[in-house]
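Asks: Here's a structure for you.
What follows draws every value from the coordinates through simple rules; no lab data is involved. Keep in mind it's a predicted model, so treat the numbers as computed, not measured. With ideal geometry, Cβ positions are generated from the backbone for all residues, glycine too; neighbour counts draw on all protein chains shown.
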Amino acid sequence: MKNTIIFLTVLVMSAVAGATEFKHVGDFLLQSHFKVTGQQVTPIPMKPISFSVFTDGVKIRVTAEGDDEAHTTFEIYRSDGIGRQRSGAGALEVIPGLQAMSNVGGTLRHLRLSRESMTITTFPGVSDQTIVSHAVAAEPKPQPGPPAGPISNKP
């Protein structure tokens, strides 16, 4: 009986440890950043920022380039696709993607993520402003390793 309890404890602990392992799913480059107040949309000047996105299947973690310690974590609540409007046609279509949210200190953040883009909408708790940040998928970073191409033994 005691061995069974120990085994179950180790099994649960390893499942929890495995669930907290975040895997890289993509990099995104901030394209636009603006605030909405009533009927007014104001662009916010910005410098290009690269974001890395990770998931453990339950949560999404977004980090800014060069600062892996500072991150925002979102809880996935919908992963059956996201809607978007087709360019030119006006019809709606559903593409693979997910939606997640974060509520920290009264600030609600909504994440919309697909292979092509990431949009974070921020709703500060005591403000009439909404902040929208839109990023597009970045080119994959080259992985270190041997150079590509044929190998020749000729001098």
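Asks: Residue-wise, which Karplus ³J(HN,Hα) couplings in Hz belong to region 70-79, taking 6.51 cos²θ - 1.76 cosθ + 1.60, θ = phi - 60°, and x for glycine or proline?
Replies: 8, 8, 10, 10, 10, 9, 5, 10, 8, 10
Asks: Sticking with the crude label model, points 7 Å out along Cα→Cβ, report the distance from ALA89 to ASP56 in nm, one decimal please.
Replies: Spacing of the two 7 Å Cα→Cβ label points: 3.9 nm.
Asks: For a quick size check, give me the Cα extents of region 21-149 along its three principal axes, largest first, whole Å.
Replies: The Cα atoms of region 21-149 stretch 56, 41, 31 Å along the principal axes, largest first.
Asks: On to the next question. Pick out, in residue order, every one of the trypsin sites (Lys or Arg not before Pro) in region 56-120 that is DSSP loop and has at most 16 other C-beta atoms within 10 Å; say none if there are none.
Replies: Working: sites: LYS59, ARG61, ARG78, ARG84, ARG86, ARG109, ARG112, ARG115; in loops: ARG86, ARG115.
Counting only loop positions with at most 16 other Cβ atoms within 10 Å, the trypsin sites (Lys or Arg not before Pro) in region 56-120 are ARG86, ARG115.
Asks: Moving to a separate point now. What number comes out for the charge environment of PHE22, summing +1 per Lys or Arg and -1 per Asp or Glu over other residues with Cβ under 12 Å away? Write out the running numbers ahead of the final one.
Replies: Numbers: positive: LYS23, LYS59, ARG61; negative: GLU21, ASP56, ASP68.
With Lys, Arg at +1 and Asp, Glu at -1, the neighbours total 0.
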